[in-house]
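A.B. asks: I am attaching a structure below and will ask some questions about it afterwards.
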Amino acid sequence: MPRVRPGSAQCIGRYPAVSRLLLADEFFFVAHNDVTGKPRQHARALGLGLGAALLGEMMLLRRITIDRGSVVVIDGHPPGDLLGHIVLDQLLSEPAALDVRSWLAYLGQTARQRVGERLERFGRVARTPARRLKRSGTHWIPVSMSDAAMPTALLRHALKNEHSLDDQTAILAGLIDAAGLDETVLWGLSHRTLQYRDWNVATLMTPLRDLIIETGAAVGNTVLTHRA
Amino acid sequence: MTPTPPPRASVVTAALARDRLGVRAVVFFVMSGIAPLTVVAGAIPTAYAVTGMASIPAAFLVVAILLALFSVGYVAMARNVKNAGAFYAFIARGLGRAVGVGGAAVAVVAYNLLQVALYGAFGPIAASYAADKFGIHAQWWTWSLGAWAVVTVLGIMRVEVTGRILAVLLSMELLVTIALTLEGLRHPAGHHISVASLEPTKLAVHGVGAALAVAILGFVGFEGAAVLTEEARHPRRTVAIATYLSLGLIALVYAGASWAMAVHYGDATVVGVAQEQGPGMVFALGGRFLSSAGQTLYITSLFAAMLAFHSFVGRYMYALGREGVLPRVLSHTSRKGSPKVASAMQSALGFAVIVVYAIEGWNPLVNLFFWLGTTGAFGILLLITVTSIAVVTYFARHNSAESLWHRSVAPVITFVLLVMVTWLVITNYATLLGVPPGSAAARWLPGIYYIAAVVGIAWGLILKGTKPDVYKAIGWGADAAVVNNKPFAHLDPHWASPNTEV
């Protein structure tokens, strides 16, 4: 199935070409409320989803792949984005290839903080200290509510109308399921629409599909080990 | 020859290690699910009363050793198998997936029975507590339904009361239990401390199966440590040490408390006292303050146990829902990560049971708590027995670094002993329930596991034929999708072509 390259002029649906957010940024907006910036899922699941999104960014840029359950660097040239550069450096400096689960857990520890800061650098969110005594600490409030709602809206539109999804959108749709965000983000969609989503995820290239499956399993295990 | 530079340290491994659980955290996790005072004040007096046996303390010691032996193989297999948190997963890996589903069915029945049984203990004590302290008089089932409502709400929201609260309550429970034990020993009947009730040889009487079943009830929950294997700091040692420590601690507490009761009230009369006073006989061991503290903590302990088992059943059904063995709707979670559909189902069952018992007017402490609780424990005994042989067959087929003791000798000895214990329990079931031999209850209560196992195995075989991808993932829980790699059925030919609407 022909895929549209992310960032290219062709975009999903009828919307004009906009400068596309990076995958983790899109996931960040999807995973938080567009007005209040409150997380839509518990911290661990959110962290795992964002960690997966960061790995996904590297995979879309052909810097890394997943081979037999391990994350392997295939091209060490630093990407343009600062956070991507940091993540790739961390991947390169590990003495041995580690399994996906370990990377998800490790990146997940700091992912929310880092992706929030990246969005802040680009003026898309504003940082406010959490008012009540909360474990999560910082709150990032979207600067523009409509911009924050855009990734969700575009995805829902594309799914409902069964438009062709590019890789980044398909991964985003898959990570939403993996992180347990279906009910909050993809509510009200018909069974067939969700199957269309599942089909798009299932037909991704194997490493990308593996990333999503491993993320889903990691999130599921947080429930079973009572560490949700 | 130039020396090779030392390998670079892994930053990721170090960072993840900081988040891992140590022995203390795992022990607390296990103990808070066991809620010791529930057994000490609930099960032990009822056991004395219903079975008429004075050797309850000896039974705890014997079962502790048996479970420690079982843990050798169990923990070893947990180290080698990825994400096998529950007994049925071990059974599936060792004895085949269809048998695994049978094990899952037995487990779901057993843990549900254990959970609803607690409402039968809570109702009476809450009723008498409220009547004594506040002058409020209401039927046992009013209190049970109240507790049910709290458990239901907490189950849908965030189930875990924070670990700190549980840790504090647990510590106080243990302190009070030890204090009551010492008080009981300080005032022995006839000014002579008899160790007769501790002697294992005294168990060799008719009805020993009943005492053993009660002892197993006290230890249910010890298997929880294995669930945390992936989160443990030292994969080879943490879970093993935590399991043995928990078993030792539980054994000391239960054997000690039940022994103190036999010592204080006299070996020959303890049964009579239990039949008259019930849980009160435990609190009467101490002075007014200790007695009051004991009663209050008994109530909180029951709550903690209700929540713990409710949570456990919920997660069990969640795992089965993830695999597709049970309807996938059971794998839906709330924002807090609690399995809300499974939680609601378990709550519905609890409600139905309380209502039935209230309408029929059956005795909550004996017919609900003790009967269903010990039957639940019998189910766990069956699971442990089958798991011990599953450990042997698993290691026979898979290479591992485990020693012969871990993978064969200990599990085989355990299996033989457990089969004997199972047989003893079945043949003494009437004594356990306190009913005449041959009663319907003594046949049907253990019989439900036979039915559950058959239904489970049949369902497993049906899955093998109709849904091989689900069958393949049996026992994998949240990792089911990783294993089954299901090819997606192409529903609509239009999905392949690019949409022209760009």
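Every number in this text was worked out from the coordinates using simple rules, so none of it is lab data. The structure presented is a predicted model; accordingly, all values stated were derived computationally and were not measured. Every residue, glycine among them, receives a Cβ derived from its backbone with ideal geometry; neighbour counts consider all protein chains shown.
A.B. asks: P(r) for the protein assembly as shown, please, calculated from all Cα pair distances in 10 Å bins and given in %.
C.D. replies: Going from the shortest bin to the longest, the percentages are 3, 14, 23, 23, 17, 12, 7, 2, 0, 0.
A.B. asks: Right, here's the next one. In percent, what relative contact order does the range A:28-181 have, based on Cα pairs under 8 Å that are 6 or more apart in sequence?
C.D. replies: In percent, rounded to a whole number, it is 32.
A.B. asks: Let me ask another. Counting other beta carbons within 10 Å of each residue's own, what order do A:F122, B:F369 fall into, fewest first? Write out the running numbers ahead of the final one.
C.D. replies: Working: A:F122 11, B:F369 25.
Starting with the residue having the fewest Cβ neighbours, the order is A:F122, B:F369.
A.B. asks: Counting only other chains, and only Cβ atoms inside 10 Å, what mean value do you get across the residues of A:211-224?
C.D. replies: The mean count of partner-chain Cβ atoms within 10 Å per residue comes to 6.
A.B. asks: Moving on. Semi-axes of the equivalent ellipsoid for the range B:113-205, please: Cα gyration tensor eigenvalues, times 5, square-rooted, ordered largest first, whole Å.
C.D. replies: Equivalent-ellipsoid dimensions as semi-axes: 33, 19, 17 Å.
A.B. asks: Rounded to two decimal places and with Rh computed the Kirkwood way over Cα pairs, what is Rg over Rh for chain B?
C.D. replies: 1.01
A.B. asks: Specify which residue in the list B:T201, B:H398, B:A284 is farthest towards the positive end of the charge dipole of chain B, using unit charges on the beta carbon of Lys, Arg (+1) and Asp, Glu (-1), about the Cα centre.
C.D. replies: B:H398
A.B. asks: Which of A:L60, A:H32, A:H77 sits farthest toward the positive end of the charge dipole of the range A:19-84, with +1 on the Cβ of Lys and Arg and -1 on the Cβ of Asp and Glu?
C.D. replies: In the range A:19-84, that residue is A:H32.
A.B. asks: Using the Cα gyration tensor of the range A:23-221, with a ≥ b ≥ c the square roots of its eigenvalues, what is the shape: rounded (a/c below 1.5), prolate (a/b larger than b/c) or oblate (neither)?
C.D. replies: Verdict is oblate for the range A:23-221.
A.B. asks: Work out, step by step, the length gained on full extension between B:K467 and B:A149: first 0.36 nm times the residue separation, then minus their alpha carbon distance; give nm to one decimal.
C.D. replies: Full extension from B:K467 to B:A149 adds 110.7 nm.
A.B. asks: Can you give the average number of partner chain beta-carbon atoms within 10 Å of each beta-carbon in peptide B:312-319, as a whole number?
C.D. replies: The mean count of partner-chain Cβ atoms within 10 Å per residue comes to 2.
A.B. asks: For the range B:328-387, what does the convex hull of the Cα positions come to per residue, in cubic angstrom?
C.D. replies: Numbers: hull volume 7.5 nm³, N = 60.
Enclosed volume per residue, from the Cα hull, is 125 Å³.
A.B. asks: For the range B:197-276, what is the convex hull volume of its Cα atoms per residue in Å³?
C.D. replies: 115 Å³
A.B. asks: Would you mind counting up the charge near B:R93? Only other residues with Cβ under 14 Å from its Cβ, with Lys and Arg at +1 and Asp and Glu at -1.
C.D. replies: Net of charged neighbours comes to +4.
A.B. asks: Here is a further query. Which order results if B:E323, A:E120, B:E223 are arranged by neighbouring Cβ count within 10 Å, fewest first? Don't skip to the answer; put the middle values down first.
C.D. replies: Values: B:E323 31, A:E120 15, B:E223 27.
So the residues, fewest neighbours to most, are A:E120, B:E223, B:E323.
A.B. asks: Rounded to the nearest 20 Debye, what is the dipole magnitude of chain B about its Cα centre when Lys and Arg each give +1 and Asp and Glu each give -1 at the C-beta?
C.D. replies: 1220 debye
A.B. asks: Residues of B:15-21, mean number of Cβ from any other protein chain within 10 Å of their own Cβ, rounded to a whole number?
C.D. replies: That average works out to 3.
A.B. asks: Right, here's the next one. Helix by helix through chain A, keep the DSSP H runs that span 30 Å or more along the axis on Cα and average at least -0.5 on Kyte-Doolittle, and give those back in order.
C.D. replies: In chain A, no H run is both long and hydrophobic enough.
A.B. asks: Short version: what are the Cα gyration tensor semi-axes of the range B:10-118, square root of 5 times each eigenvalue, largest first, in whole Å?
C.D. replies: On the way: eigenvalues 198, 90, 43 Å².
Equivalent-ellipsoid dimensions as semi-axes: 31, 21, 15 Å.
A.B. asks: In the P(r) worked out for the range B:231-343, what percent of Cα pairs fall beyond 17 Å?
C.D. replies: Working: 4617 of 6328 pairs.
For the range B:231-343, the fraction of Cα-Cα distances above 17 Å is 73 percent.
A.B. asks: Shifting gears a bit: Debye calculation, C-alpha points only, no solvent: report log10 I(q)/I(0) for the range B:286-398 at q = 0.15 Å⁻¹, in the same order as the q values.
C.D. replies: -0.95
A.B. asks: Can you sort B:E402, B:E360, B:E173, B:E199 from fewest to most other Cβ atoms within 10 Å of each residue's own Cβ?
C.D. replies: Going from sparsest to densest Cβ surroundings: B:E360, B:E199, B:E402, B:E173.
A.B. asks: Given a cut-off of under 8 Å on Cα pairs at least six residues apart, what relative contact order in percent is computed for chain B?
C.D. replies: 33 percent
A.B. asks: Kindly give the semi-axes, whole Å and largest first, of the ellipsoid equivalent to the range B:347-502, taking each as the square root of 5 times a Cα gyration tensor eigenvalue.
C.D. replies: 42, 28, 13
A.B. asks: Once the range B:48-176 is represented by equal point scatterers at the alpha-carbon sites, with solvent omitted, what log10 I(q)/I(0) does the Debye formula produce at q = 0.15 Å⁻¹?
C.D. replies: -1.20
A.B. asks: Take the residue pairs B:K340/B:K472; B:K336/B:K464; B:K133/B:K202; A:K160/B:K336; B:K133/B:K340 and return only those whose Cα atoms are more than 31 Å apart.
C.D. replies: In this structure, B:K336/B:K464; B:K133/B:K202; B:K133/B:K340 exceed 31 Å between Cα atoms.
A.B. asks: Right, another one. To the nearest 20 debye, what charge dipole does the protein assembly as shown have about its Cα centre, counting +1 at the Cβ of each Lys and Arg and -1 at the Cβ of each Asp and Glu?
C.D. replies: My answer is approximately 860 debye.
A.B. asks: Taking Cα pairs under 8 Å and at least six residues apart, what relative contact order does the range A:86-173 come out at, in percent?
C.D. replies: Values: 39 pairs, mean separation 12.9, N = 88.
Taking the mean separation of contacting Cα pairs over the length of the range A:86-173, I get 15 percent.
A.B. asks: Using +1 at the Cβ of each Lys and Arg and -1 at the Cβ of each Asp and Glu in the protein assembly as shown, identify which of A:W187, B:G294, B:V419 lies farthest towards the dipole's positive end.
C.D. replies: Looking along the dipole axis, the top candidate is A:W187.
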